[in-house]
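Have a look at the structure below, then the notes.
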Amino acid sequence: MAGSIKAPSPPRWLLAELTYACPLQCPYCSNPLDYANIKGELSTDDWKRVLKQSREMGAVQLGFSGGEPLVRKDLVELVNYSHELGYYTNLITSGYNMDEAKIIALKNAGLDHIQISLQASSKELNDFIAGTESFEQKKQVAKLIKKNDYPMVLCVVLHRQNIHQMKDMLDMAIELGADFVELANTQYYGWAQHNRDQLLPTHEQLKTAEAIANEYQETQKGKMKIYYVVPDYYEGRPKACMNGWGTTFLTISPDGLALPCHSARQLPNFDCPSVNEHSISDIWNESKAFNYFRGDGWMKEPCRSCPEKDKDFGGCHCQAFLLTGDATNTDPVCDLSPLHHTVTDAIEKAVQTNESALTFRNSKNSQLLKK
């Protein structure tokens, strides 16, 4: 499979998924469907070993994620240790149960950046999607983040259930004093893939939302940066997934599995290694999982002869697996793929799906669902 593999560059971005525990129940969560059956979290000392080895490898950007990273009682300690190692640290959080004392403690520990999420612009819809009464507290936390001299970074995951609130969400971001707003259309992995027919917007909805985003990008220029991310299914060309497999990003799951991307544990026969058994250096340089899609030896046509293969690297392998059952296929979002019909079929099916219940992310549903 290796083909023309060059010696890998060191990892630059480490995503530390500290826990799968989360008080929210978002139906688009990227965590594995069977997260409740994945037992055992890395200890504080385990995480320190991972952080140190990754930094020695060259990682400079560090994201603390989950689940909800605030659930971990050692979060401040891990932030402080990471700061001492020289990382630029980012907390990716729902903000739920976060108070000013915790924000100050994290600030004193050296945390550089906090990204907070909102599910909608109204309390009723936000709390429905989150499966938890959280709207008013999230808004208060956003104000406290700003008060304590962090850049106000607000993320809203867009989908068919909330995209009609686009204008209201941007007005709310202005009210909260957001410096950066990421309007990220749902990408269909994990729970979002399971709920795809209920979440995937129509083409008309996306056109309207993009026009609103463009309008606010113009009126807020110099005041607030707005990023609008289109769902892959409507792009026509695949994204350069993770900036190229095994080139930049390293994800460590709560139980210690090392992943080239956060969805890779679902891929069969990849033998994703564990930090409980291997060093970060061996994982990055020697493991089957991280070498699998390096180079172009794995590529089928039309990728192999495509002039854009060094830009998009064949697209997203997890997406190819979810849509076609084979991670080595060309990402079907590419309209040059012979399996592009799997995307157009999915869009058509979603458009025809009217009222249907969402499956919310919680331990009960996780134990009932298969990978």
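Could you please find all residues in region 172-224 being among the charged types (D, E, K, R), more than 16 Å from the chain's Cα centre (by Cα) and either under 24 Å from Lys138 (Cβ atoms) or open to solvent by 40 Å² or more (accessible area, probe 1.4 Å) (or both)?
Those that are among the charged types (D, E, K, R), more than 16 Å from the chain's Cα centre (by Cα) and either under 24 Å from Lys138 (Cβ atoms) or open to solvent by 40 Å² or more (accessible area, probe 1.4 Å) (or both): Glu175, Asp179, Glu204, Lys207, Glu210, Glu215, Glu218, Lys221, Lys223.
Please tell me if Ser54 is of a type in the set (S, T, N, Q), surrounded by 18 or more Cβ atoms within 10 Å (Cβ to Cβ) and in contact with a Cys (Cβ under 7 Å, 6 or more places away or on another chain).
no
Out of (1) assigned to a loop (DSSP other than H, G, I, E, B); (2) touching a residue at least 60 places away in the same chain (Cβ under 8 Å); (3) surrounded by 18 or more Cβ atoms within 10 Å (Cβ to Cβ), what's the single condition that is false for Ser121?
For Ser121, the exception is condition (2).
Considering each of Ser122, Ser117 in turn, give the residue that is at pLDDT 95 or above, hydroxyl-bearing (Ser, Thr, Tyr) and over 17 Å from the mean Cα position of the chain (by Cα). Show your work before the answer.
Working: Ser117 fails: over 17 Å from the mean Cα position of the chain (by Cα).
Of the residues listed, the single one that is at pLDDT 95 or above, hydroxyl-bearing (Ser, Thr, Tyr) and over 17 Å from the mean Cα position of the chain (by Cα) is Ser122.
Looking at region 264-371, what helices (runs of 4 or more DSSP H) fall wholly within it and have at least 2 residues that are open to solvent by 60 Å² or more (accessible area, probe 1.4 Å) and not hydrophobic (A, V, I, L, M, F, W, C)?
Fully inside region 264-371 and qualifying: 280-286, 309-312, 341-352, 363-368.
Condition first: acidic (Asp, Glu) and open to solvent by 30 Å² or more (accessible area, probe 1.4 Å). Now tell me which residues in region 228-259 satisfy that.
The answer is Glu235, Asp255.
Go through region 231-263 and report how many residues are among the hydroxyl-bearing types (Ser, Thr, Tyr) and part of a loop (DSSP other than H, G, I, E, B).
Qualifying residue count for the region: 4.
For region 80-115, enumerate the residues that are aliphatic (A, V, I, L, M) and outside any helix (DSSP H, G or I).
Leu91, Ile92, Met98, Leu111, Ile114
The values are calculated or read from the model by the stated rules, or taken from the named source; none is laboratory data. In this text the structure is predicted, and so the values were computed from the model without any measurement. FYI the Cβ positions are ideal-geometry reconstructions off the backbone, even for glycines, and counts take in every protein chain you see. Calculation scope for accessible area: heavy atoms of the full protein, side chains included, ligands and nucleic acids excluded. Shrake-Rupley method; radii C 1.70, N 1.55, O 1.52, S 1.80 Å.
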